[in-house]
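Worksheet for the structure shown next.
The values are calculated or read from the model by the stated rules, or taken from the named source; none is laboratory data. Note that the coordinates shown come from a computational prediction; the quantities given were computed from them, not determined experimentally. Every residue, glycine as well, gets a Cβ built from its backbone with ideal geometry; the counts of neighbours run over all protein chains shown. Note: areas computed on protein heavy atoms with side chains; ligands, DNA, RNA excluded. Shrake-Rupley method; radii C 1.70, N 1.55, O 1.52, S 1.80 Å.
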Amino acid sequence: MSAETSGAITGAQSLISSLEAVGVDTIFGIPGGAILPAYDPLMDSSIRHILVRHEQGAGHAAQGFASATGRVGVCMATSGPGATNLVTPIADAHMDSVPMVAVTGQVGASSIGTDAFQEADIRGITMPITKHNYLVTDPADIPRTIAEAFHLASTGRPGPVLVDVAKSALQSMTTFTWPTELHLPGYRPVTKPHAKQIREATRLILEAKRPVLYVGGGTIRARAHRELAELAALTGIPVVTTLMARGAFPDGHPQHLGMPGMHGTVAAVAGLQRSDLIISLGARFDDRVTGQLESFAPGALVIHADIDPAEIGKNRHADVPIVGDVREVLLDLIVALKAEEAAGRTGDYEAWVGFLTGVKNKYPLGYDLPPSGLSPQYVIERLGKIAGEQTIFTSGVGQHQMWAAQFINYTQPNTWLNSGGLGTMGYAVPAAMGAKVGMPDRTVWAIDGDGCFQMTNQELATCAINNIPIKVAVINNESLGMVRQWQSLFYNERYSNTDLHSKRIPDFVKLADAYGCVGLACESPDDVDATIEKAMEIDDVPVVVDFRVHRDAMVWPMVAAGASNDDIKYARDLAPDFEENDL
């Protein structure tokens, strides 16, 4: 069934009308030859188009918009190099389950396959990194394709969908026919969990002595933080939140052990390692969490709840697999556990909670202040406290990312946006731009390293011109810090190509000024609070703060890549001391 709503229009007009019909109000993009026909009707549209300075910026901005708002982010580029510049953000969105639609122009249908000017098989290139993708050569297919793309991107396990439209389809005449229902054979995401699996999970939860709620980014995508809080309160089970799930459960809550994994807290790592039951909620047993897979949580049974059945059992066998939306799973578990409680059956985790509380108190997150200079951890800790819990933080990838995950207290979902799976340097600034566009009333800080910042800082021009007043904290150690840390620990301090030799090249304060932003600098701990407060007071233009920190700071705790989580170090050559008989 479909509804015809217009007479003859161009395919380009149909594309813009279709985007309006699915509720798009913002597109990040750059025009070019193949997509140019679509940019003409875009001028007359209600959609706000933000002209970025690089297509990668458009893609990450769409990600930031989507992650901050929960809505589908949209980016647009032309054929060939325009489209290939979107590959990194598309791959990033795929890894982190971000709902995004990328619309690209393609050469005319008769030229496809001829190596025409600015031709690239973007559909083939992105096949492994999209949830689905389309090549449209018939303008009559445009409305249905757009409707399907947005449905696919936003339902089930969210992800990126690419719509590649031939220029000939954009220029041809067609009628705008909006579908009233979608036919997607084979695509029926299971959201409601099976009752038998819920019963079995409930039984294991009540029988367990050392359970842990292992909370992944799917909990945030499912908007399930309230249900998670209810389950945690009902059971008293300790909680860990992965890098992608920071904010799903409040950091200050006594049941929260922190972030697990390579740079997780000792308590979170110990909790998983010593558990007898892991209740995985929208997590995927990523290598950065498990460490050496064979030695991960050797005594634990696993309840694995995920909307994507391909994730269940992929890395770790699931004793109770539950396919379903995390929120629905939590609701059903709560009902089942309340019924058991009414019948007098509850779990006994008192000794376990006491053990983990002791570990948490004995090995809190911390850092050493340098004898001179500025500590990056101190800067980030103060930024979190001064900016407040309503602030949205984005980050690049590296040491600053881990410190921002560790030393800022997150109490709400969608306030911590980062590139978790792909680890994309350059994510922070454009993602902050997208988040600020989507949530204009919230303060948005991009925490970036000096290496990451130089990959996408041209989007400061986009922010300045389009009145998008983000704030950027550059944690400037004149190094590729995380790689340098590995060289310090594993390569005998042979610093091959990690020293940026910047000597203020570029001068980030001058660079900010050149881009129409306010530039500030800070190199003394005595000035940190005043500098952050000054940046917070500026709301009409973007602000860049160059925090000139000492370069030898390291991220701790740490589990070396490929090592067992049992080999966690909380500082260099210092291992925590906790034995099984502590339980």
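When the Cα centres of the stretch 509-583 and the stretch 410-432 are compared, how far apart do they sit, in Å?
Cα centroid to Cα centroid, the span is 15 Å.
Restrict the search to the stretch 453-496; then list the trypsin sites (Lys or Arg not before Pro) that DSSP places in a loop and that have at most 13 other Cβ atoms within 10 Å of their Cβ. All intermediate terms of the calculation are to be shown ahead of the outcome.
Details: sites: Lys471, Arg484, Arg494; in loops: Arg494.
When the trypsin sites (Lys or Arg not before Pro) of the stretch 453-496 are filtered for loop state and at most 13 Cβ neighbours within 10 Å, Arg494 remain.
Using the reciprocal of the averaged 1/r over all distinct C-alpha pairs, how large is the Kirkwood radius of the chain in Å?
On the way: mean 1/r = 0.0401 Å⁻¹.
When all Cα pairs of the chain are included, the Kirkwood radius is 24.9 Å.
From the P(r) of the stretch 503-583, can you give the percent of Cα pairs sitting at distances over 18 Å?
Numbers: 2018 of 3240 pairs.
Tail of P(r) above 18 Å: 62 percent of Cα pairs.
Under the Karplus relation 6.51 cos²θ - 1.76 cosθ + 1.60, θ = phi - 60°, what is the ordered set of whole-Hz ³J(HN,Hα) values for the stretch 341-351, x standing for Gly and Pro?
4, 5, 8, x, 10, 9, x, 10, 10, 4, 5
For a quick size check, give me the Cα extents of the stretch 155-297 along its three principal axes, largest first, whole Å.
Extents along the principal axes, in whole Å: 66, 35, 32.
So for the stretch 397-471, what percent of the C-alpha to C-alpha distances run longer than 17 Å? If you can, show how the numbers build up before the last one.
On the way: 1188 of 2775 pairs.
In whole percent, the share of Cα-Cα pairs in the stretch 397-471 beyond 17 Å is 43.
Just the number, please: carbon plus sulfur as a percent of the accessible area of the stretch 14-168, 1.4 Å probe, no ligands or DNA/RNA counted. Let's see the in-between values first.
On the way: 2600 of 4940 Å².
C and S atoms contribute 53 percent here.
Once you sort the root eigenvalues of the Cα gyration tensor of the stretch 209-278 as a ≥ b ≥ c, which label holds: rounded (a/c under 1.5), prolate (a/b larger than b/c) or oblate (the other case)? Kindly include the intermediate steps, with their values, before the conclusion.
Values: a/c = 1.68, a/b = 1.19, b/c = 1.41.
Here the stretch 209-278 falls in the oblate category.
Quick one: grab Rg to one decimal and Dmax as a whole number for the stretch 22-129, Cα atoms only, in Å.
Cα only, the stretch 22-129: 13.5, 41 Å (Rg, Dmax).
I'd like the Karplus ³J(HN,Hα) series for the stretch 291-302: coefficients 6.51, -1.76, 1.60, θ = phi - 60°, whole numbers in Hz, and an x wherever there's a Gly or Pro.
x, 4, 4, 5, 9, 7, 6, x, x, 9, 7, 10
Output the antiparallel fraction of DSSP beta bridges having both residues in the chain, as a percent to the nearest 5. Don't jump to the answer; show the numbers that get you there.
On the way: 9 of 73 bridges.
Of all bridge pairs located within the chain, approximately 10 percent are antiparallel.
Using amide H atoms built 1.01 Å from N in the peptide plane, name the residues 5+ places from Trp416, or on other chains, whose amide H lies under 5 Å from its own.
It is Phe393, by chain and number.
Amide H neighbours of Ala120 under 5 Å, at least 5 residues apart or on other chains, H built in the peptide plane: list them.
Placed amide hydrogens put Gly80, Val107 under 5 Å from Ala120.
What value in Å³ per residue do you get for the convex hull of the alpha-carbon atoms in the stretch 74-150? Provide the component values of the computation, followed by the final result.
Numbers: hull volume 6.2 nm³, N = 77.
Residue-normalised Cα hull volume stands at 80 Å³.
Carbon and sulfur together cover what percent of the accessible area of the stretch 227-297 at a 1.4 Å probe radius? Please report the intermediate quantities before stating the final value.
Numbers: 900 of 1660 Å².
So the carbon and sulfur contribution to the accessible surface is 54 percent.
Return the ratio Rg/(2.2 N^0.38 Å) for the stretch 483-525, where Rg is computed over Cα atoms only.
Numbers: Rg = 15.1 Å, N = 43, 2.2 N^0.38 = 9.2 Å.
Computed over Cα atoms of the stretch 483-525, the ratio equals 1.65.
Could you pull out every one of the lysines with an alpha carbon less than 27 Å from that of Lys362, ignoring same-chain neighbours closer than 8 positions?
Lys209, Lys385, Lys569
Starting from the coordinates of the alpha-carbon atoms of the stretch 321-360, obtain the Kirkwood hydrodynamic radius over all distinct pairs and give the value in Å to one decimal.
Values: mean 1/r = 0.0814 Å⁻¹.
About 12.3 Å for the stretch 321-360.
With the convex hull built on the Cα atoms of the stretch 298-405, state its orientation-averaged projected area in nm². Walk me through the intermediate numbers first.
Values: hull surface 46.7 nm².
It is 11.7 nm².
On a 1.4 Å probe surface of the protein chains, which of Lys167, Lys510, Lys192 comes out largest in accessible area, and what is the full order?
From most exposed to least exposed: Lys510, Lys192, Lys167.
Which whole-angstrom value gives the distance between the alpha carbon centres of the stretch 219-238 and the stretch 76-119?
Here the two parts' Cα centres lie 38 Å apart.
Binning at 10 angstrom from zero up to the longest distance, how are the C-alpha pair distances of the stretch 398-554 distributed in percent?
Result, from short to long distances: 10, 40, 37, 11, 1 percent.
Would you mind giving the three semi-axes, in whole Å and largest first, of the ellipsoid equivalent to the stretch 329-484 according to its Cα gyration tensor?
Numbers: eigenvalues 263, 103, 36 Å².
One finds semi-axes of 36, 23, 13 Å for the stretch 329-484.
How much of the calculated P(r) for the stretch 448-512 lies past 20 Å, in percent of all Cα pairs?
On the way: 783 of 2080 pairs.
Cα-Cα pairs in the stretch 448-512 separated by more than 20 Å: 38 percent.
Given a cut-off of under 8 Å on Cα pairs at least six residues apart, what relative contact order in percent is computed for the chain?
Working: 1345 pairs, mean separation 82.8, N = 583.
Over the chain, the number comes to 14 percent.
Which whole-number percentage describes the relative contact order of the stretch 62-203, with Cα contacts under 8 Å and a sequence gap of 6 or more? Please list the in-between numbers first.
Values: 241 pairs, mean separation 35.6, N = 142.
Dividing the mean separation by the residue count of the stretch 62-203 yields 25 percent.
Looking at the stretch 360-415 from every direction and averaging, what is the projected area of its Cα convex hull in nm²? Can you show the working numbers first?
Working: hull surface 19.6 nm².
Averaged projected hull area, Cα only: 4.9 nm².
For the stretch 29-68, evaluate the Debye formula with one uniform point scatterer on each Cα (no solvent term) and list log10 I(q)/I(0) at q = 0.32, 0.36 Å⁻¹, rounded to two decimals.
-1.07, -1.12
For the stretch 132-207, state which chymotrypsin sites (Phe, Trp or Tyr not before Pro) are in a DSSP loop and have at most 15 other beta carbons lying within 10 Å of their beta carbon. The partial results should precede the final answer.
Values: sites: Tyr134, Phe150, Phe176, Tyr187; in loops: Tyr187.
Filter output for the stretch 132-207: Tyr187.
With a 1.4 Å probe and every protein chain left in place, tell me how much accessible area His183 has, in Å² to the nearest 10.
Its accessible surface works out to 120 Å², give or take rounding.
State the Cα centre-to-centre distance between the stretch 307-351 and the stretch 141-179 in whole Å.
Their Cα centres are 37 Å away from one another.
Residue-wise, which Karplus ³J(HN,Hα) couplings in Hz belong to the stretch 529-542, taking 6.51 cos²θ - 1.76 cosθ + 1.60, θ = phi - 60°, and x for glycine or proline?
4, 5, 5, 5, 5, 5, 5, 5, 6, 8, 10, 9, 9, x
Within the stretch 343-430, list the trypsin sites (Lys or Arg not before Pro) lying in a DSSP loop whose Cβ has at most 15 other Cβ atoms in a 10 Å radius.
In loop regions of the stretch 343-430 (DSSP not H, G, I, E or B), the sparsely surrounded trypsin sites (Lys or Arg not before Pro) are Arg345.
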